[in-house]
Amino acid sequence: MQNLGLMIRCLLLLFVAGAAIQAQSTLHYLPLSPGGVPQIAKWTVENSGSNLLITKPDGTTTTVAKAGATTQSVTVFALPANATVLSCTVKTGTAFTGTTTLTATLGITGTLTACVATPFDMKAAVSTSNFSVALPTTPIVSFAGTNLILALTSTIDNLSSISAGSITVWITWMVLP
């Protein structure tokens, strides 16, 4: 009977030790202050009759009237306070038509070339290699909040002449803790 009790205690001890070893193999890390979390979001700006249609990451849309001028600043996204932009990407989904030339830069209020500084040709043929990826030319940190702007330029025709086209804008950003 003593041997049976000893065996049960040994088995119980082995079971508890095994459970402890198993519990130690999974590490859970819950920082007190997790810090900023990088996010990637996508907006699409496309022709829609007399307007440009902006589709936001959540699927909602807004419209902006096309300018009867050769330049136009289109607000894509209002960066919140304490936001920092880590990278920017633009790519056409459908080549734009209706104007002789059409280029875009991507920046913020006051610095329209802060992210994609080299004018991106929005009329070029769509392909897997026709896109622009850029780190901000100067750090974009918005302590008070600012707008992310797609700056359109046509050298001959007014932007109201755009008859087709779409461009996608991806932003990698985060709110500082």
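The values are calculated or read from the model by the stated rules, or taken from the named source; none is laboratory data. These numbers come from a predicted model, not from an experiment. Ideal geometry is used to build each Cβ from the backbone, glycine not excepted, and the neighbour counts take in all protein chains shown.
Structure values in brief
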| quantity | calculated |
| --- | --- |
| Tally, over the range 71-107, of residues that are in a strand (DSSP E or B), touching a Ser or Thr at 6+ places or on another chain (Cβ under 6 Å) and at pLDDT 95 or above | 8 |
| Pair list, Cβ under 7 Å, 6 or more apart: the range 131-147 residue among the β-branched types (Val, Ile, Thr), other residue part of a loop (DSSP other than H, G, I, E, B) | THR146/THR109 |
| Subset of the range 143-177 that is in a strand (DSSP E or B) and either over 14 Å from the mean Cα position of the chain (by Cα) or among the basic types (Lys, Arg) (or both) - its residue that is modelled with the lowest pLDDT | THR146 |
| Any hit, the range 68-85, residues being β-branched (Val, Ile, Thr) and farther than 18 Å from THR153 by Cβ | yes |
| Of residues in the range 110-142 being hydroxyl-bearing (Ser, Thr, Tyr) and under 18 Å from the mean Cα position of the chain (by Cα), the one modelled with the lowest pLDDT | THR137 |
| Search result, residues across the range 130-142 that are assigned to a strand (DSSP E or B), out of contact with any Gly (no Cβ under 9 Å at 6 or more places or on another chain) and not hydroxyl-bearing (Ser, Thr, Tyr) | PHE131, VAL133, ALA134, VAL141 |
| Test for THR62: is it closer than 30 Å to GLY35 by Cβ, in a strand (DSSP E or B), among the hydroxyl-bearing types (Ser, Thr, Tyr) and touching a strand residue (DSSP E or B) at 6+ places or on another chain (Cβ under 8 Å) | no |
| Members of the range 45-63 that are crowded, with 17+ Cβ neighbours inside 10 Å and within 17 Å of LEU102 (Cα to Cα) | VAL45, GLU46, ASN47, LEU52 |
| Some residue of the range 108-119 being outside any strand (DSSP E or B), in contact (Cβ under 8 Å) with a residue 40 or more places away in the chain and touching an Asp or Glu at 6+ places or on another chain (Cβ under 6 Å) | no |
